[in-house]
Amino acid sequence: MSRNTRSGAVAACAAASLALAGCTGSGTGSADSSTLNIATLTFPQSLDPTQAVGSALPFFQATYDTLVKREPDGAFSPMLATSWKYNSDRTELALTLRKDVKFADGTAFDAAAVKANMERFKKGGGADAKWLNDLDSVDVADASHVTLKLKQADPAMLFYLSDAAGLMANPAKFAKADSLKTTPDGTGPYRLVKARTTIGTKWVYQRNNAYWGKRLPYANLTISFFDNETAIVNGLKTGQVNAALLQTADQQISVESDARMKTAKQEFDFQGLLLFDRDGKLTPALKDPRVRQALNCAIDRAAMLHAIRQDRGQVTDQVFGPGTQGYDRQLDTYYPHDPARARRLLKEAGYAQGFTLKLPRIAAMVNDALASSLATDFKAIGVKLVWDDLDGGSAVRKVFTDRAYSGLVMNIGQSASDWVVVNELVTPGAFNMFGTTDPTVRELIPRIQTGSGEQAKQAARALNEHLVKSGWFVPFYRMTYLHVSDGTVKITPQSGMAVPSIYNYAPVK
């Protein structure tokens, strides 16, 4: 499934995706027009906002507001923060907060709550906790004014405050161990109805009549987990489901032929091989850039896209998406399918006889067609690909905790923020678990992080070019996703997420 997430991440985002293989789901009966029923292939392991990530974000948006709201086009607008201002070197971000807002138990939302939440998020161990690595302190001036002091400029801070790091929970619940895992307490537009919720299957929310902001058009919201898209499509066609995101080409085609359905396309995730072991700790061959380049030359991306996704997407050799400043259209096709060149590169690197590459395989992310295609392409250049089949329960531990593999094939979002891309994939973290770097990377990252305007743009483009040409990653293609409703709901795709925000649904008029 997708990182969705943002889509872009991060290990827990993968955790939510990986867990799908071992779970079952069920639909929810269609109610009247005041109820919105959303189907999903991803669910949160906890409703504690420190664990919020990727495509599970709508579960949290229902009960928690963020400090900043991200509009469908990616623009930022006021939410719990009514305004914000940076200092001259962008190392301080002053927020003015909304007054007269209360948490579910009646506790007032204020600057002290912002401080408590942000400090807790940073230390909470969630997938996106690293987003606040540059947060040095949170200074409270009074109840409605707070300043975030940063160790260095972070050009994605507003993005983070519109996402998981900006979710505000009631600090009164922090001392009660695990209470937020199943009982959210926020300032959001809905309240969780625990009596009608079955964790792992169906989450039921009811409108918060005391909500400070504009009411969303649906009085009731239900999010149901399904373990396959066939069941979701059946739910759409029978009226059990009002809205869903479809990733697989076959299911997209099946709904497009139904005149009752309303659809909207979006490209967000790319699918590819994320190489972790560029220092050759587990697979020595990967330390040589020529070997990584050979893997890129071995992939027949156009054939994969045609066979696996029926051409629903665009081939790409870069992890920077079209919405970033670092994106270069020419880099999408930097590595044409060229097995002969791949074999020459391997020979030059001292691996004329090839080598063995062992990768984890989680069926929910790597289907039989993809697994076979990769193995065939690599075999053609002398690389033996060995798949280690994992279940959802062991995958996260073996991949991210034990660091047992040299890479992972998965889907990951292409954010419109250059720094989000860099921070998730290039700086040390879940997807650069061995902390690989080189002189070019060390030189360019600070220019992206602290620069502005043309300087930052040129640094991002230079970094992207360097990553592609040195084979840091092996991307396959950007995937076209399809937002689908049963005809009663208008869905607006969301910048920075594969799934829409809960604010992006409205009845068809």
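Each value in this text was obtained by applying a stated rule to the coordinates, not by laboratory testing. This is a predicted model, so every value here is computed, not measured. Note that we place each Cβ from the backbone using ideal geometry, even for glycine, and neighbour counts take in every protein chain shown.
Observations
- Each label was represented as a point 7 Å from its Cα along the Cα-to-Cβ direction; for A363 and D142 these points are 6.2 nm apart.
- Two-site FRET efficiency, T107 against Q152, from Cβ-Cβ distance with R₀ of 30 Å, rounded to 0.05: 0.35
- Taking region 268-479 and dividing mean pair separation by its residue count, relative contact order in percent (alpha carbons under 8 Å, at least six apart): 39 percent
- Look at the dipole of region 203-275 built from charges on Cβ: of W212, V255, V233, the Cα furthest out on the positive end belongs to W212.
- Overall, region 140-244 carries a charge dipole of about 360 debye about its Cα centre when +1 sits on the Cβ of Lys and Arg and -1 on the Cβ of Asp and Glu, all other atoms neutral.
- Rounded to 0.05, the FRET efficiency of the R397 and T356 pair, given R0 = 22 Å and the Cβ-Cβ distance, is 0.45.
- Note on region 183-242 and region 424-440: Cα centroid distance 37 Å, given to the nearest whole angstrom.
- You can think of it this way: the chain between V386 and E348 has 11.3 nm of extra reach, that is 0.36 nm per residue less the Cα-Cα gap.
- Charging the Cβ of each Asp and Glu at -1 and of each Lys and Arg at +1, and nothing else, the dipole of the chain about its Cα centre rounds to 260 debye.
- Stretch gain in nm, segment S470-D73, where the contour uses 0.36 nm per residue and the Cα spacing is subtracted: 139.7 nm
- Residues H483, H145 arranged by fewest to most Cβ contacts within 10 Å: H145, H483
- M261, M157 arranged by Cβ crowding within 10 Å, fewest neighbours leading: M261, M157
- Between K237 and D279, residue separation times 0.36 nm minus the direct Cα-Cα distance comes to 10.1 nm.
- Separation in nanometres of the label points that stand 7 Å from Cα toward Cβ, at Y334 and K379: 3.0 nm
- Cβ-to-Cβ counts within 10 Å put W472, W84 in ascending order as W84, W472, the fewest first.
- In nm, spacing of pseudo-spin labels at A177 and D250 (7 Å Cα→C-beta vector): 4.7 nm
- If you plug the beta carbon distance of Q45 and D438 into 1/(1 + (r/R0)^6) with R0 = 51 Å, you get a FRET efficiency near 0.90.
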